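One structure below.
Taken together, the values in this text are just the output of simple stated rules run on the coordinates, not laboratory data. Small disclaimer: the values here were computed from a predicted structure and weren't measured. Methodologically, a virtual Cβ is constructed for each residue, glycine included, from the backbone with ideal geometry; neighbour enumeration extends over all protein chains shown.
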Amino acid sequence: MRYLLVDCNNFYVSCERVFEPRLLGKPVVVLSNNDGCVIARSEEAKKLCIEMGTPAFKAETLFHVHGVHVYSSNYALYGDMSRRVMETLRGFAPEVEVYSLDEAFLRLTTVDDTEATEVAHCLRRKVSQWTGIDVSVGIASTKTLAKIANYSVKLLGGDNKVLSFEHMPYPDQFLADTPVERVWGIGPRRARFLRRQGVETALALKRAPGAWVRQHLTVSGLRTAMELRGIPCLPWEEAAPGKKSLTCSRSFGRPITCLWEMEEALACYVTRVAEKLRQQGKVASSMEVFVRGGKYAKRMAHGTRSATLRLSPATDYTPELIALAHRLLARIYEPGKEYRKAGVILNHLCSQGEAQLDLFHARSEAEWQRQSSLMRTMDSLNFRFGQDTIFPGSTGLTRPWRMRQERKSPGYTTRWNELCWVRSDIGSSGGTEPRTLE
Amino acid sequence: MKAQQTQQNTKTACFMSMESVRAERAVESPLMWAPVAAGFPSPADDYIERPIDLNRELILHPAATFFVRVQGDSMVGAGLWHGDTLIVDRAVDPRDGHIVVALLDGDFTVKRMQKAGGVVHLVAENPLYEAIELTEERRFEVWGVVTWVLHKAV
């Protein structure tokens, strides 16, 4: 059994480069929601010492001086390109576990090590040809080790982007070079604890006595240690487990100081989260709304206020959820204060069939049908013609508070009117004057 | 005696998705019903075929297929007019004679590729434009092969 961890290199930047080849070889960064901080960098940008997470406003001068190309995140594009990469990977193994937007595990039952490496090289070539995205592959006998192999191949650098621990006479050398924080399943808290005990690398964790690991890191920590020893213990998940809560929250493009703008923003977030709820076939029985003031939306306890309400009967109906969100907002909103961020969290999710009925607030069958039909229609129109094609009026039309996304690339693969233009008259002389690009 | 037939509707309902950029295979469920009262099965029941779906016909490799727009008129001889949409398949290996979307010195272009005597040329389909010879100095890379040209008629 071989596990392959396939991971796209500098994924967001790579997506932008597929449709803007002029970015090749240039420093490029992608900013988070609200053009807040750097969340992706090209190799050239890394060399300029632009760190991950740098707030954009702090790096403006650096961007300007070095001619860095800056993009707002275009999740519609990244999501679609991810789908393409994963679909291409499915041609190589019957079992593909998509772990995140740019990472997936493949499970191969070929016993031969050479075959697994061959598959990895072939897969790299195909993904590159089909989608234009470059990937790195780590191969090992467990998922945790495959992740480390993938991490190691990036550290090694160079043109070879495939690393198999099975081929290595001494894979432990890579484990010794892997900080314990980098081990899958070891979060910051556990890592701090381990370091205090002198366990600072993946190798040290692998060699730690099982009973000690079990005692201090619980059985999940033991599983991680066993995986490091080459014994597969982690389950294979084909489908992501259902979520227990759904959140939509965003920082504002500029501070909000009046109630109607806050109501509009919340209505938008509720609309978005209710869409996700219906997509999963669930209903919610609890809603929490929070608002945050303070500078740079820092986590200050006194800067955040929240309120929660139980919903009975459970619902997925957007207008009802918006009305409830506004009721909650009324409890916590303070006039005259500047707010930087707000959000809504839906809790106690269950599938529609499982929801508890409420004798006192039951919806009639006809009312339920009407609501359900309206939501279905709205969702299918938005799916077909693009998000926000049809939306509740309370979400506003101009939305002056919305987050900035000033440098977003077009929807090359998701919007019919934003396709990439290719010039047929480039490079050759003669013909009519080139027309300006529309 | 003819059976009472209120308009016997053998309906085939299916969902077609034309915005195939996402190339999600449309879910088609041929649904047919004859009015219960009719009592006679529809003669078409044994012959139901799926309706034509452009996604299936035009897009062979959904993960590798992209749409782009044509700028300029150097390819009109091949039926590529300014503003046309091209279906571009990156999974097809480019061959002599294919129309390709390519990167030439870092810019997108669309031309016909022709090999003659070991040298590759990028040929326009318009007598007003000259062919481009791909010498060592020019950076060239095929981005994808044009498989279909969509020209809007109205």
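Seen through its C-alpha gyration tensor, with square-root eigenvalues sorted a ≥ b ≥ c, the range A:39-98 comes out prolate because a/c lies at 1.5 or above while a/b is bigger than b/c. Can you tell which of A:Ser372, A:Ser306, A:Ser424 shows the greatest fluctuation in a Gaussian network model of chain A with Cα springs below 10 Å? Looking only at A:Ser372, A:Ser306, A:Ser424, the largest GNM fluctuation is found for A:Ser424.
The mean number of partner chain beta-carbon atoms within 10 angstrom of a residue's beta-carbon across peptide B:97-110 is 4. As a check on your grasp of the helix formula, calculate [θ] at 222 nm for chain A: sum -39500 (n - 2.57) over DSSP H runs of n ≥ 4, divide by the residue count, round to the nearest 500. Mean residue ellipticity, 222 nm, calculated: -12000 deg cm²/dmol. Coupling constants for the range B:76-90 follow from the phi torsions by the Karplus curve (6.51 cos²θ - 1.76 cosθ + 1.60, θ = phi - 60°), and in residue order they are 5, x, 9, x, 9, 9, 4, x, 5, 9, 10, 8, 10, 10, 7 Hz; glycine and proline get x. Note on A:Thr109/A:Glu237: beta-carbon distance plugged into 1/(1 + (r/R0)^6) with R0 of 22 Å gives a FRET efficiency of 0.80. Just to confirm a number: summing +1 for Lys and Arg and -1 for Asp and Glu over residues other than A:Cys8 whose beta-carbon lies under 13 angstrom from that of A:Cys8, what do you get? Neighbour charge sum, excluding A:Cys8 itself: +1.
Take each residue of peptide A:411-421, count the partner chain Cβ atoms within 10 Å of its Cβ, and average: the result is 4.
Among A:Ser380, A:Ser394, A:Ser152, the largest mean-square fluctuation in a Gaussian network model of chain A (Cα springs under 10 Å) belongs to A:Ser380.
For A:Lys408, the lysines whose Cα falls under 18 Å of its own Cα, not counting residues fewer than eight places away in the same chain, are A:Lys26. For the range A:1-86, rounded, prolate or oblate, judged on the Cα gyration tensor with a ≥ b ≥ c (square roots of eigenvalues), a/c < 1.5 rounded, else prolate if a/b > b/c? It comes out prolate by the Cα gyration axes. In a reduced charge model with +1 at each Lys and Arg Cβ and -1 at each Asp and Glu Cβ, chain A shows a dipole moment near 1400 debye about its Cα centre. Residues whose amide H falls under 5 Å from that of A:Val28, counting only those 5 or more places apart or on a different chain, are A:Ser42, A:Glu44, A:Ala45, A:His69, with hydrogens built in the peptide plane. Once backbone amide H atoms are built at 1.01 Å from N, A:Gly253 has A:Arg402, A:Met403, A:Arg404 as its partners under 5 Å, excluding neighbours fewer than 5 places away on the same chain. Exposure proxy ranking for A:Lys337, A:Lys126, A:Lys206, based on other Cβ atoms within 10 angstrom of each Cβ and starting from the fewest, stands as A:Lys337, A:Lys126, A:Lys206.
How would the range A:107-191 be classified by its alpha-carbon gyration tensor: rounded, prolate or oblate, with rounded meaning a/c under 1.5 and the a/b versus b/c comparison settling the rest? Prolate shape, in that a/c is at least 1.5 and a/b is the bigger ratio.
Report the one residue of A:Leu346, A:Leu381, A:Gly132 whose Cα lies farthest in the direction of the positive end of the charge dipole of chain A (charges on C-beta: Lys and Arg +1, Asp and Glu -1; origin at the Cα centre). The one lying farthest along the dipole's positive direction is A:Leu346. In order along the range A:171-187, phi translates into HN-Hα couplings of x, 4, 4, 6, 5, 5, 8, 9, x, 5, 5, 7, 6, 4, x, 10, x Hz, rounded to whole numbers, per the Karplus curve 6.51 cos²θ - 1.76 cosθ + 1.60 with θ = phi - 60° and x for Gly and Pro. Rounded to the nearest 20, the Cβ-based charge dipole of the range A:4-142 about its Cα centre (Lys and Arg +1, Asp and Glu -1) stands at 400 debye.
Scanning residues 5 or more positions from B:Gly83 or on other chains, those with amide H under 5 Å from its amide H are B:Val70, B:Gln71, B:Gly72, with H placed 1.01 Å from N in the peptide plane. Below 9 angstrom from the Cβ of A:Ala307, what's the summed charge of the other residues (Lys, Arg +1; Asp, Glu -1)? With Lys, Arg at +1 and Asp, Glu at -1, the neighbours total +2. So if a site counts as exposed when it's one of the chymotrypsin sites (Phe, Trp or Tyr not before Pro), its DSSP state isn't H, G, I, E or B, and it has at most 14 other Cβ atoms within 10 Å, what's the longest stretch of chain A without one? No qualifying site falls inside A:1-235, the longest such stretch.
The GluC sites (Glu not before Pro) of the range A:140-247 meeting both criteria, a DSSP state outside H, G, I, E and B (loop) and at most 13 other C-beta atoms within 10 angstrom of the site's C-beta, are A:Glu237, A:Glu238. Averaged over the residues of A:317-328, the number of partner chain Cβ atoms lying within 10 Å of the residue Cβ comes to 0.
Placing +1 on the Cβ of every Lys and Arg and -1 on the Cβ of every Asp and Glu, with no other charges, gives the range B:77-154 a dipole of roughly 260 debye about its Cα centre.
Other residues lying with their Cβ under 14 Å from the Cβ of A:Asp113 contribute a combined charge of -3, Lys and Arg counting +1, Asp and Glu -1.
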